[in-house]
There are 2 protein chains.
Amino acid sequence: MTTAHPNDVHAAWLPPEAFRPVGSRHTLVHGDGTLVETVLGELAEATARHGGTARRTSPTGDPPAGDDRPAPAVPDLVLALTTAGPLPAAVPAELRGPFEAGTAGPLGAEGFALARRDGVTMVLAERPAGLLYGLFHLVRLGESAFGADLPVERHRPAMRRRMVDHWDNVDVHPVMGQVERGYAGGSIFWRAGEARGDLARVRAYGRLLAACGVNAVAVNNVNVHATEAHLLTDRLGDVAAIADVLRPYGIRVHLSVNFASPVALGGLSTADPLDGDVREWWAKVTRQVYETIPDFGGYLVKADSEGQPGPFAYGRDHADGANLLADALTPFGGVVHWRCFVYNHRQDWRDRSTDRARAAYDHFAPLDGRFRDNVILQVKHGPIDFQPREPVSPVLAAMPRTRLAVEFQATQEYTGQQRHVCYLGPYWSEVLGFAPWGAGRPTVAAVAAGVGEDGLDGGLVAVSNVGDDAYWTGHPLAQANLYAFGRLAWAPELDPVAILDEWIDLTFVPSATGDPERLRRTLHELMDDSWRTYERYTAPLGVGFMVRPADHYGPDVDGYEYTPWGTYHFADRDGVGVDRTRATGTGFTGQYPPPWSDRYESLADCPDELLLFFHHVPYGHVLRGGSTVIQHIYDTHFAGAERVAELRRSWAEIATAGLVDPALHDRVTERLDEQLRSAEEWRDQINTYFFRKSGVPDAHGRPIHP
Amino acid sequence: MTTAHPNDVHAAWLPPEAFRPVGSRHTLVHGDGTLVETVLGELAEATARHGGTARRTSPTGDPPAGDDRPAPAVPDLVLALTTAGPLPAAVPAELRGPFEAGTAGPLGAEGFALARRDGVTMVLAERPAGLLYGLFHLVRLGESAFGADLPVERHRPAMRRRMVDHWDNVDVHPVMGQVERGYAGGSIFWRAGEARGDLARVRAYGRLLAACGVNAVAVNNVNVHATEAHLLTDRLGDVAAIADVLRPYGIRVHLSVNFASPVALGGLSTADPLDGDVREWWAKVTRQVYETIPDFGGYLVKADSEGQPGPFAYGRDHADGANLLADALTPFGGVVHWRCFVYNHRQDWRDRSTDRARAAYDHFAPLDGRFRDNVILQVKHGPIDFQPREPVSPVLAAMPRTRLAVEFQATQEYTGQQRHVCYLGPYWSEVLGFAPWGAGRPTVAAVAAGVGEDGLDGGLVAVSNVGDDAYWTGHPLAQANLYAFGRLAWAPELDPVAILDEWIDLTFVPSATGDPERLRRTLHELMDDSWRTYERYTAPLGVGFMVRPADHYGPDVDGYEYTPWGTYHFADRDGVGVDRTRATGTGFTGQYPPPWSDRYESLADCPDELLLFFHHVPYGHVLRGGSTVIQHIYDTHFAGAERVAELRRSWAEIATAGLVDPALHDRVTERLDEQLRSAEEWRDQINTYFFRKSGVPDAHGRPIHP
């Protein structure tokens, strides 16, 4: 087994150089099983490259195949399973004490403990997955794992489920292409109707995911078209092949299914969730799935949403629909991820009383308590659709008796489509840290982790930003979003800037040829604030959209204003924004518990960055920040575009210093050129639009094209 | 040979019933040649159906094959070529006199003379095409051709070239489909990369074209993609097959070619029009074309426009480019149609000095006198792009030493896409009757016909609205546009309402089962004013566009406002319109000769319907019609949509009277439903947009959704 990435693909956060600290040590591995083999394989490759050794204590004590170099009696590093019998004799007495006394546990299915004493570093886990995560943790720590003594540290993932969803089509969709909302080439799983024969890329992907903590992957688009529907039955073998490759990295495979499958695939006349034949069909099909893929994760469903079939056609509700699939999965321990992205996409723009923001809550909150234990409702983090700024979805505070997962979008549909630098860690961190019931009460992270008052966990999900691009994500710097997602799913309290540091240390520093500190500074300059920069030059003050309808890239202020999609800004000559108050608007603020129901309702207390999401205000309205709305629009748009110009200059300077691979530098430069062009286009269109509407000139006399 | 339409295709303006007056007569045909055979074939079929007879006088006097019915000694109808020797003895002396004295001529290549005396109707022509057009004229006249005596009438087409251009792709284009801007199904020539094997449909099409006077067809899209380029060389056989089928109807085939063909097909390193090898290549290829299709019409070229290749790449101009092809065609009598639709489609919307309306004139007017005699510049009738209302292109008055053809768009790209009733006869008639140099001076029709001061003719061209739809044009009533185009190209002075009457008489009346006058009234109600109705509910006062960019259907007021396409309205809170004056705007008015250069320049004199095309005015500006601009917008939009609702009611009433085929009625009903929905959407979006911008309420308090 090789763990090296395919030659033509960027190593991302697992370059061989990052394994030098581990690979130059002498390591003892204690335990067995598939994932322990993976650990051994990683160590074998790293030590072969960097001069260390790796040996196992059981069952055979044999060195990895082909390695006949002598290993010292006392190792530098021990990775041991507590369930594999007594610790090997080579472990120093000083380390045995704390661990054997049981103070390390409980570590759970994926946790590990780490310590260093007297020149030996030890990673202990109860289950093989813990050892794998422990190994990648060591890689992150680098030399600091092998220096001074380290007290015992326990690491357990906050979220049991840390999932990446691929919106990949098997067939090329005539409009959406191979990857719906994909900005990094084709799918790594599928190509032109077929499974890709070569799974090396998928294996490399699994390794990257494991190294940032992801443990579940949905391998096809939630919009399940005709060909994709067959993955559940006659093309299940394609899914099994992917599962086989991801299994060694602790990743379970999930499948998006079409709710109408009993009709489309089973030849039944109905997909009614209460119909006996339908229930039997799902039970039978699910049994076959588990016969083929014993550790199959479960189903992912987009139902009664944007044209996808669902239980509504039969007069049933989402609980009926989700429970149907849940019952089929129960015998095998699988789960249903049932998406809450349900709204009327044929809205009449003339009708101001309908509010798309309300839809998920209105559909799902009344169903709280009716879902089976193995149903997880998957909730987009905001009430609309992955805009660069949205409030947290009120659904996340409305269903105490339901398992809720939070869905993020790593693929940058509305955040620059991997042509703009937009590091989303800070955004996700804000969402995860948001306390719907007020300070001191559970956060969104706690709700997802199940450590809130209900104790029901759902986990974290991201829509993948990965494709068959040589840099995985089109924009090389967009890799950080996938990395940060995994890390935040494991430990939501992490500082997103610190995560970026980890990512830089792994991805760039090991191969940097010049001054790594300068490279680090420049990357932080480009990325730390990039989400807020993107926000500055796009739709203002939380109002959202204003993107081109066809592809969601670039500005079109009125692009959605008179469409059926429910995404409006209502700008007229006097003001702008959506009145979602209870007093005079759609009442959406009432979907939040206090204190947010009141803060959002109040024009005075509403956070500036969400003002136009919740209120329609005159252009002269003075923000909490002191500026008028119209002047704020001008100021942020000039500032945002100017900031991109600065970053482009900084990146250009890095080239002359020779700090990064020239090909990668070129790729980022090409994207920054486009980002600047696009940011200036956003600036000019937004400023012109609002100048034409308001007639208010810029207080600083900067150029606005009338 | 059968002239019947294929069974599943609507007969359009040639239903068998329309041939009853001719087909029930005893006819003598004098002459021979391909087109005389066509005439005989038509007569054979008509007389077999309706009880008459058809005989030829020469060369054999044999009856048409299979017809052994006795013919009377004295015919009812004689169709005779003056070049086929002495008139047959059966022609009454009373008719011989006027014709034999030569008073009928000259009739030219396509003209005919008609008279009736003492129970015999006579059609005389110098060339076979004239007999064919004469026959179809008789069909139009119906019984009135066989009643009272008719004095000698001479008919000659005003335009020598009456051409239909098909924007049909051979391959299905991923965005534009099989027919670019086609709203009537697939192509009748091509399907999925191949020529359609069955040419019966093409033959039926040629027959319809001949019956309305069209004599040239371009068989492929002016955007010549990779596959289509090969029609010129290795796939020329496909074109020849079409030519073979259209030839019996007097129609010559033209081909759209790619200017870069010497590179793409010939393997040369350049397509430079002044390069010797390039000239030789075109000469050789053109010779091969004529060896295969001896009556080939010529080339049609879109060059240096919207991404198509052209002479600019080699530092040459349009005259160099067009003359290159002209020289290759000269030995064979072919012509180049070189399109003047050239403009910068990557314009910066911030740049108010660039004006797309100016582009064709700026590019071409300076080249007047430099084109070969067999180059025809093909000019879109308006300066922008087939909007529902545009002024006449100033190019048509700017090139006295150049042959100019006027291009219309029968396919309803911007006029409702054959989902809306929009009879374009009145629009085209206005354009043809427009006198660029003022009353009493030549009209646009005269320029195209070559009867103006220069004497150089170009002809009339329409982009076809025909596809493989069973009704030919999707909307059955859209057939009238193709019919009217042919008739106006033959006789531009015809009243478009009278043309509609002809069309109704041919298409509907022969098979009407109830009260044909009621049907006629209803069709006139639906169609006479339909173009102006469409104008009322779409973009106001000549400003144009405001359509959805993706498909050009339905409203999107700002859809093009910040794009590179050069089509803007500049609406702000104070006013709307494009300042194209010399005094303060782009100077476009200066491209017209007096008096229009002054009328358009003057805010007081500019016609209301073009006000916003030429001027940017405040919403309170009072039109010549007495209304303010903003109130006019509200009034016309309410009126336009209401009118569609009325028409829909009228059409519904026709059904109960059983006056038209139920399937056709259903098709029109379905389209009217969509037209009403769309018209109301236009009304509401336009009214809301301008209310939001202007803040001015409707004077009559009608509902505008804020």
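Can you sort A:D165, A:D68 by solvent-accessible area, 1.4 Å probe, largest first?
Values: A:D165 0, A:D68 135 Å².
Descending accessible area places them as A:D68, A:D165.
Answer with one residue from B:V214, A:L526, B:S24: the one whose Cα lies farthest towards the positive end of the charge dipole of the protein assembly as shown, charges on Cβ with Lys, Arg +1 and Asp, Glu -1.
Of the candidates, A:L526 comes out farthest on the positive side.
Considering every residue in A:560-567, what mean count of other chain Cβ atoms within 10 Å of its Cβ is obtained?
If you average over the peptide's residues, the count of other-chain Cβ atoms is 3.
Return a whole-number percent for the relative contact order of the stretch A:74-177, with Cα pairs under 8 Å and 6 or more residues apart as the contact set.
In percent, rounded to a whole number, it is 28.
If you add up the charges near B:G51, with Lys and Arg at +1 and Asp and Glu at -1, over every other residue whose beta carbon is less than 10 angstrom from its beta carbon, what do you get?
+4
Tell me, what is the 1.4 Å probe accessible area of B:K380, in Å² to the nearest 10?
About 10 Å², ignoring ligands and nucleic acids.
Taking a ≥ b ≥ c as the square roots of the Cα gyration tensor eigenvalues, with a/c under 1.5 meaning rounded and otherwise prolate when a/b beats b/c, else oblate, which class fits the stretch A:651-701?
prolate
Using DSSP, restrict attention to beta bridges with both residues in chain A and report what percent are antiparallel, rounded to the nearest 5. Each step should come with its number before you reach the end.
Working: 17 of 61 bridges.
Just about 30 percent of them are antiparallel.
Leaving ligands and nucleic acids out of the surface, order A:T636, B:T513 by accessible area at 1.4 Å, largest first. Intermediate values should be presented prior to the final figure.
Values: A:T636 25, B:T513 115 Å².
Ranking A:T636, B:T513 by accessible area, largest first, yields B:T513, A:T636.
Of all DSSP beta bridges located in the protein assembly as shown, what percent are antiparallel, nearest 5?
That works out to approximately 30 percent antiparallel.
Cα to Cα, under 26 Å, and not fewer than 8 places away if on the same chain: which lysines meet these conditions relative to A:K380?
Reachable lysines: A:K302.
Using modelled amide H (1.01 Å from N, peptide plane; none on Pro or chain starts), what sits under 5 Å from the amide H of B:S24, excluding residues fewer than 5 places away?
Amide H to amide H, under 5 Å and 5 or more residues apart or across chains, B:S24 pairs with B:G52.
Could you state the orientation-averaged shadow area of the convex hull built on the Cα atoms of the protein assembly as shown, in nm² to one decimal?
Working: hull surface 239.4 nm².
Its average projected convex-hull area is 59.9 nm².
Nearest 10 degrees is fine. How inclined is helix A:200-212 to the longest principal axis of chain A, computing both from alpha carbons?
80
Starting from the coordinates of the alpha-carbon atoms of the stretch B:357-468, obtain the Kirkwood hydrodynamic radius over all distinct pairs and give the value in Å to one decimal.
The answer is 14.5 Å.
Determine the dipole magnitude for the protein assembly as shown: charges of +1 sit on the beta-carbon of Lys and Arg, -1 on that of Asp and Glu, nothing else is charged, the reference point is the Cα centre, and the result goes in debye to the nearest 20. Mind dumping the intermediate values first?
On the way: 132 positive and 182 negative charges, 43 e Å.
Using Cβ point charges on Lys, Arg, Asp and Glu, the protein assembly as shown gives about 200 debye.
I'd like the accessible area for B:E642, computed on protein heavy atoms only with a 1.4 Å probe and all protein chains in place. Round to 10 Å², please.
For B:E642, solvent-accessible area is about 90 Å².
Around B:W190, with a cut-off of 14 angstrom between Cβ atoms, what is the net charge of the other residues, counting Lys and Arg +1 and Asp and Glu -1? Before the final figure, lay out the partial values.
Working: positive: B:R191, B:R196, B:R201, B:R235; negative: B:D168, B:D171, B:E180, B:E194, B:D198, B:E228, B:D238, B:D468.
Within the 14 Å Cβ shell, the charges total -4.
Would you please give the FRET efficiency between A:T354 and A:A313, computed as 1/(1 + (r/R0)^6) with r the Cβ-Cβ distance and R0 = 30 Å, to the nearest 0.05?
Here the calculated transfer efficiency is 0.90.
Normalised radius of gyration for the stretch A:605-706, please: alpha carbon Rg relative to 2.2 N^0.38 Å, two decimal places.
Normalised Cα radius of gyration, the stretch A:605-706: 1.37.
Give me a comma-separated list of calculated 3J(HN,Hα) values for the stretch A:393-401, in order, Karplus coefficients 6.51, -1.76, 1.60 applied at θ = phi - 60°, integers in Hz, x for any Gly or Pro.
4, x, 4, 5, 10, 10, 9, x, 9
Pop out the ³J(HN,Hα) list for the stretch A:573-581 in order, Karplus 6.51 cos²θ - 1.76 cosθ + 1.60 with θ = phi - 60°, rounded to Hz; leave Gly and Pro as x.
Result, ordered by residue: 5, 9, x, 7, x, 10, 7, 10, 7 Hz.
Along its principal axes, what span do the Cα atoms of the stretch B:224-263 show, with the longest given first and each in whole Å?
35, 15, 14
Taking amide H atoms as placed 1.01 Å from N in the peptide plane, list the residues 5 or more away in sequence, or in a different chain, whose amide H sits under 5 Å from that of A:R191.
Here A:R196 satisfy the definition.
If you average the sequence gap of Cα pairs under 8 Å that are 6 or more apart and divide by the length of the stretch A:229-350, what percent do you get for the contact order? Present the calculation step by step, with values, prior to reporting the outcome.
Details: 172 pairs, mean separation 31.1, N = 122.
Result for the stretch A:229-350 is 25 percent.
With each label point set 7 Å from Cα along the Cα-Cβ vector, what nm distance links A:H173 and B:D67?
My value for the distance between the label points is 6.1 nm.
Using only the alpha carbons of chain A, determine the length spanned along each of the three principal axes and report them from longest to shortest in whole angstroms.
Sorted largest first, the three principal extents are 80, 68, 50 Å.
Given the -39500 (n - 2.57) contribution per DSSP H run of 4+ residues, what per-residue ellipticity at 222 nm results for chain B, rounded to the nearest 500 deg cm²/dmol?
The per-residue figure over chain B is -10500 deg cm²/dmol.
Count the net charge of all other residues whose Cβ sits under 11 Å from the Cβ of B:W503, scoring Lys and Arg as +1 and Asp and Glu as -1.
Its environment carries a net charge of 0.
Using the basic label-point model (7 angstrom from Cα toward the beta carbon), what is the A:D373 to A:A470 distance in nanometres?
Going from the A:D373 label point to the A:A470 one covers 5.1 nm.
At 37 °C and a viscosity of 0.692 mPa s, what translational diffusion coefficient does Stokes-Einstein give for the stretch B:137-199, taking Rh as the Kirkwood radius over Cα pairs? Give it in µm²/s as a whole number.
In µm²/s, the coefficient is 211.
Please state the charge dipole magnitude for chain A, taken about the Cα centre, from unit charges on C-beta atoms (+1 on K and R, -1 on D and E), reported in debye and rounded to the nearest 20.
Working: 66 positive and 91 negative charges, 112 e Å.
Here the size comes out at about 540 debye.
Given C-alpha coordinates of the stretch A:110-222, what is the ratio Rg to Rh with the Kirkwood estimate of Rh?
On the way: Rg = 18.7 Å, Rh = 16.4 Å.
Radius of gyration relative to Kirkwood radius: 1.14.
Restricting to Cα pairs below 8 Å that are 6+ residues apart, what does the relative contact order work out to for the stretch A:239-282? Please round to a whole percent.
It rounds to 22 percent for the stretch A:239-282.
Taking the 0 to 90 degree range and rounding to the nearest ten, how far is the long axis of helix B:128-141 tilted relative to the main principal axis of chain B, both from C-alpha atoms?
80
Which residue, B:H552, A:L232, B:A48, has the largest displacement toward the positive end of the dipole of the protein assembly as shown when charges sit on each Cβ (Lys, Arg +1; Asp, Glu -1)?
Farthest along the dipole direction, towards plus: B:H552.
How big is the stretch A:226-353 on each of its three principal axes, counting only the C-alpha atoms and giving the largest first in Å?
So the three principal-axis extents are 54, 33, 25 Å.
Between B:A652 and B:H524, what length comes free when the chain is fully extended (0.36 nm per residue of separation minus the Cα-Cα distance, one decimal in nm)?
44.6 nm
For helix A:516-527, what angle does its Cα long axis make with the longest principal axis of chain A, in degrees from 0 to 90 and rounded to 10?
It is inclined by approximately 30 degrees.
Please get the size of the charge dipole for the stretch B:569-612, origin at its Cα centre, with Cβ charges of +1 on Lys and Arg and -1 on Asp and Glu, quoted in debye to the nearest 20.
My answer is approximately 160 debye.
From the phi of every residue in the stretch B:254-270, what ³J(HN,Hα) in whole Hz does the Karplus formula 6.51 cos²θ - 1.76 cosθ + 1.60 yield, where θ is phi - 60° and glycine or proline is x?
Karplus values, whole Hz, x for Gly and Pro: 10, 10, 6, 10, 8, 4, 8, 3, x, 7, 5, 10, x, x, 6, 8, 8.
The values are calculated or read from the model by the stated rules, or taken from the named source; none is laboratory data. Note that the structure is predicted; figures quoted are calculated from it, not measured. For neighbour counting, all protein chains shown are included, and Cβ atoms are generated from backbone atoms with ideal geometry for every residue, glycine included. These accessible areas exclude ligands, DNA and RNA; they are computed on the full protein's heavy atoms, side chains included. Shrake-Rupley method; radii C 1.70, N 1.55, O 1.52, S 1.80 Å.
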